[in-house]
Amino acid sequence: MKIKTIGVIGSGLMGSGIAQVAASSGLDVLLLDVDQARLQKGLASISESLDRLLKKEKITSVQRSETLKRIQLTTQISDFSKADFVIEAATENVPVKLDLFKKCDEVCPKEAILVSNTSSISITRIAAATRRPEKVAGMHFMNPVPLMKLVEGIRGLRTSNETFALVRELAQKMGKTFIEAKDSPAFVVNRILVPMLNEAVFALQEGLASVEDIDTAMKLGCNFPMGPFELLDYVGLDTAQAILEVMFHDTGDSKYRACPLLKKYVEAGYTGRKSGRGFYDYTSQSAK
């Protein structure tokens, strides 16, 4: 099977990044979202990302132009009838993902492979919403997609060897390093990372140190490029909470319970950079 056209569901931070690297790799991309406003915002994000790469001389102006030409925007999932391969990058919500996979199964060619960029949800469960579970897998990109090299590949219980080989091949075509992870809650990266971020929030809740000092401690003491609160604000506090809730629900292990302070911030709408406020206030760049 030769992959020529990729359908990407979701034009947010992850979806737009995936669309960019797919188009940069020479693939035609159908970028889907619920309305034109979101799609235009996603396309603007891609354009800005390409501009940064151009300024750093990582790409040429011709490559920038050709990448943008390969991306087609759509609000109609029926357009995925032309897709060979679909990557879902919608919100980390089980009912939403199951509904999207059911719809993709109905409109996509029977040979098409359907993958999820989920950071925590069971691929086996997602695949069961389709009539082609052998053609469903997980393909977890890291954020920001154009810069981060890793992709976690996840087999569902019924994912075929042929499907998984094509998933690996596509990731490598996009210039990514591919690892295989078992279909276990949060896979590898988030299984280790998100509980650590949650523990940083517990440390703050208990008054061990300030936001700035905890971030400084982990950057200088562990050589992390970003502190835990900087990273939480970047990925989204609501996303971290959703991952923790999946891990807690699926394992029953109390070590994955979301810190009450994390929940309070999400309830207040302080979800990070995307809302203008998380553990840092991005209108003044001061910690709260």
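The values are calculated or read from the model by the stated rules, or taken from the named source; none is laboratory data. Values in this document were obtained by computation on a predicted structure and should not be read as measured data. FYI the Cβ positions are ideal-geometry reconstructions off the backbone, even for glycines, and counts take in every protein chain you see.
Data overview
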{"read-out": "Members of segment 262-274 that are loosely packed, with under 14 Cβ neighbours inside 10 Å and in a helix (DSSP H, G or I)", "value": "K264, E267"}
{"read-out": "The one condition in (1) modelled with pLDDT under 95; (2) surrounded by fewer than 20 Cβ atoms within 10 Å (Cβ to Cβ) that E92 fails to fulfil", "value": "(2)"}
{"read-out": "Any chance V246 is touching a residue at least 60 places away in the same chain (Cβ under 8 Å) and part of a helix (DSSP H, G or I)", "value": "yes"}
{"read-out": "Unmet criterion (only one of (1) β-branched (V, I, T); (2) more than 23 Å from T239 (Cα to Cα); (3) crowded, with 24+ Cβ neighbours inside 10 Å) for V86", "value": "(2)"}
{"read-out": "Single residue of G276, G269, G252 found to be in contact with a Phe, Trp or Tyr (Cβ under 7 Å, 6 or more places away or on another chain) and without any contact (Cβ under 8 Å) to a residue 40 or more places away in the chain", "value": "G276"}
{"read-out": "Flag for D28 being loosely packed, with under 12 Cβ neighbours inside 10 Å and touching a residue at least 12 places away in the same chain (Cβ under 8 Å)", "value": "no"}
{"read-out": "For Q205: the one exception among (1) exposed (fewer than 15 other Cβ atoms within 10 Å of the Cβ); (2) under 25 Å from F85 (Cβ atoms)", "value": "(2)"}
{"read-out": "Condition met for N198 (surrounded by fewer than 16 Cβ atoms within 10 Å (Cβ to Cβ), more than 18 Å from the chain's Cα centre (by Cα), of a type in the set (S, T, N, Q) and outside the structural domain of A90 (by TED's automatic domain parsing))", "value": "no"}
{"read-out": "Number of the condition not met by G156 [criteria: (1) in contact with a helix residue (DSSP H, G or I) (Cβ under 6 Å, 6 or more places away or on another chain); (2) on the phi > 0 side of the Ramachandran plot; (3) assigned by TED's automatic domain parsing to the domain that holds A112]", "value": "(2)"}
